[in-house]
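Student: One structure follows; several queries about it will come next.
The values are calculated or read from the model by the stated rules, or taken from the named source; none is laboratory data. Please read all numbers here as calculations on a predicted model, not as lab measurements. Cβ placement follows ideal geometry from the backbone for every residue including glycine, while neighbour counts extend to all protein chains displayed. Only protein heavy atoms, including side chains, enter the accessible area calculation; ligands, DNA and RNA are left aside. Shrake-Rupley method; radii C 1.70, N 1.55, O 1.52, S 1.80 Å.
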Amino acid sequence: QVQVVESGGGLVQAGGSLRLSCAASGGTFSMYVMAWFRQAPGKEREFVAAINRSGSITPYAESVKGRCTISRDNAKNTLYLQMDNLKPEDTAVYYCAVRIGTFASMSSLSYTYWGQGTQVTVSS
C-alpha cells in the first residue's frame, strides 16, 4: 500500500506562482510513474502532467504547457509541480497519483494510488 500526501496549495492572484509537493511512502518511489490531475467544481478530473521513473519523460496537458513544470526527487520520495503565470481557470483540487508501471500515462485509469488533494484557488 502506497500513501500519498499532497501539500502546497493555497490562494494566489492571477499571474502568481505556486509549487505543489507530493510525498509518497510505503513503497519504492523511484519505481513509480507519478502524475498530477486536477478537478474543478462541476467538472471531471483532468490530466495535468506526468513523469516517468527517471524524470526523462514529462507529458503535459495543453492547458498548462509552458506554465507548469513537473519534477521529482527520488532521494526524497517527493514529486513537485511548479505552476507559474496562474490563471483563474487553474482553480481546482490538485491530486497526486501513483502508477505501477513504466509508461507516463495521461489516463487517470492507469493510476492506482491517489492522494486526498490540495486546493488551488486563483483570484482574478
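Student: Within region 63-81, identify whether any single residue is assigned to a helix (DSSP H, G or I) and not hydrophobic (A, V, I, L, M, F, W, C), and answer yes or no. Steps first, answer last, please.
Tutor: At the first step, the residues of region 63-81 found to be assigned to a helix (DSSP H, G or I) are none.
Among the residues of region 63-81, not one is assigned to a helix (DSSP H, G or I) and not hydrophobic (A, V, I, L, M, F, W, C), which makes the answer no.
Student: Kindly provide the set of residues from region 71-112 that are of a type in the set (Asp, Glu) and open to solvent by 10 Å² or more (accessible area, probe 1.4 Å), ordered by number. Before you say what the answer is, go through the steps one by one.
Tutor: As a first pass, look at region 71-112 and keep what is of a type in the set (Asp, Glu): 73, 84, 89-90.
Selection gives Asp73, Asp84, Glu89.
Student: Give me the pairs, please: first residue somewhere in region 92-103 and closer than 13 Å to Ala50 by Cβ and among the aromatic types (Phe, Trp, Tyr), second residue anywhere and part of a strand (DSSP E or B) and modelled with pLDDT of 95 or more, beta-carbon distance under 6 Å, and either six or more positions apart or on two chains.
Tutor: Tyr95/Phe37; Tyr95/Trp114
Student: From Glu46, Glu62, grab the single residue that is under 11 Å from the mean Cα position of the chain (by Cα) and modelled with pLDDT of 95 or more. First the steps, then the outcome.
Tutor: Numbers: Glu62 fails: under 11 Å from the mean Cα position of the chain (by Cα).
Every option except Glu46 fails the conditions.
Student: Could you please find all residues in region 19-60 being over 16 Å from Ser110 (Cα atoms), surrounded by fewer than 21 Cβ atoms within 10 Å (Cβ to Cβ) and among the aliphatic types (A, V, I, L, M)?
Tutor: Once the filter is applied, which keeps residues that are over 16 Å from Ser110 (Cα atoms), surrounded by fewer than 21 Cβ atoms within 10 Å (Cβ to Cβ) and among the aliphatic types (A, V, I, L, M), region 19-60 yields Ala23, Ala40, Ile57.
Student: Can Gly15 be described as loosely packed, with under 13 Cβ neighbours inside 10 Å, assigned to a loop (DSSP other than H, G, I, E, B) and either among the small types (Gly, Ala, Ser) or modelled with pLDDT under 95 (or both)?
Tutor: On the way: loosely packed, with under 13 Cβ neighbours inside 10 Å: yes; assigned to a loop (DSSP other than H, G, I, E, B): yes; either among the small types (Gly, Ala, Ser) or modelled with pLDDT under 95 (or both): yes.
Yes: the conditions hold for Gly15.
Student: Is it the case that Ser63 is open to solvent by 20 Å² or more (accessible area, probe 1.4 Å), hydroxyl-bearing (Ser, Thr, Tyr) and closer than 18 Å to Ser17 by Cβ? Write out each step before concluding.
Tutor: Numbers: open to solvent by 20 Å² or more (accessible area, probe 1.4 Å): yes; hydroxyl-bearing (Ser, Thr, Tyr): yes; closer than 18 Å to Ser17 by Cβ: yes.
Yes: the conditions hold for Ser63.
Student: Take region 88-102 and flag every residue that is within 17 Å of Phe47 (Cβ to Cβ) and either of a type outside the set (Lys, Arg) or part of a loop (DSSP other than H, G, I, E, B) (or both). Before the answer, list the steps.
Tutor: Applying the first criterion (within 17 Å of Phe47 (Cβ to Cβ)) to region 88-102 yields 89-99, 101.
The answer is Glu89, Asp90, Thr91, Ala92, Val93, Tyr94, Tyr95, Cys96, Ala97, Val98, Gly101.
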